[in-house]
1. Does region 79-95 include one or more residues that are among the acidic types (Asp, Glu) and farther than 30 Å from Ile67 by Cα?
2. Cβ contacts < 9 Å: first residue at positive phi and in contact (Cβ under 8 Å) with a residue 40 or more places away in the chain, restricted to region 15-30; second residue in a loop (DSSP other than H, G, I, E, B) and surrounded by 13 or more Cβ atoms within 10 Å (Cβ to Cβ), any location; separation 6+ or different chain. Result?
3. What number of residues in region 13-46 are buried (at least 17 other Cβ atoms within 10 Å of the Cβ) and in a helix (DSSP H, G or I)?
4. (1) among the hydroxyl-bearing types (Ser, Thr, Tyr); (2) under 22 Å from Val10 (Cβ atoms); (3) loosely packed, with under 12 Cβ neighbours inside 10 Å: which one isn't true of Thr49, the others all being true?
5. So, in region 63-121, exactly how many residues are of a type in the set (D, E, K, R), in contact (Cβ under 8 Å) with a residue 12 or more places away in the chain and not in a helix (DSSP H, G or I)?
6. Would you confirm whether or not region 87-99 contains a residue that is over 30 Å from Arg27 (Cβ atoms), at pLDDT 85 or above and either exposed (fewer than 10 other Cβ atoms within 10 Å of the Cβ) or assigned by TED's automatic domain parsing to the domain that holds Leu29 (or both)?
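The values are calculated or read from the model by the stated rules, or taken from the named source; none is laboratory data. This structure is a prediction, so every number in the text was calculated from the model and none was measured. Don't worry about glycine lacking a Cβ; one is built from the backbone with ideal geometry, like all the others, and counts go over all protein chains shown.
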Amino acid sequence: MYDELDISQVSQLSGLAASTLRYYEERGLIKPIGRKGLKRVYHGKDVITRLSLIALGQEAKFSLDEIASMLNHEDGPNIERASLLEKAEEIEQTIQGLLALKKGILHIANCPEENHFLCPNFQKIMENSLKSNSLKKSQR
């Protein structure tokens, strides 16, 4: 790994647009160590590690503010286990919801009723979907 990388090298290695890197810099997620001419220069290993943590956090549906609070500690990144456990529970709930949705879709696809609207199971699936969406909107 290179000791110093300019923004175009970081962009190439990470697959992120230079504009995304500048945005992350504005948000305090990454920090250049200086400039060479007009280009920002980053510590290679540090910036790639931080970008990897940002990507992982985003995959886990952490907001950029949450990720920034984890990354910006005096001693280096501090990932609180409690917030990870909470996020894991949210992911589990999402998985369960998706499994229920899959089950409903499979029922609809294989429903013996010629008209889905005459199927009591389909009626129940629609009712549950409406309740679920209403609940999600009220929690926002």
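1. no
2. Going by the 9 Å Cβ cut-off, the qualifying pairs are Gly28/Asn72.
3. Within region 13-46, residues that are buried (at least 17 other Cβ atoms within 10 Å of the Cβ) and in a helix (DSSP H, G or I) number 4.
4. (3)
5. The number of residues fulfilling the criteria is 0.
6. No, that holds for no residue.
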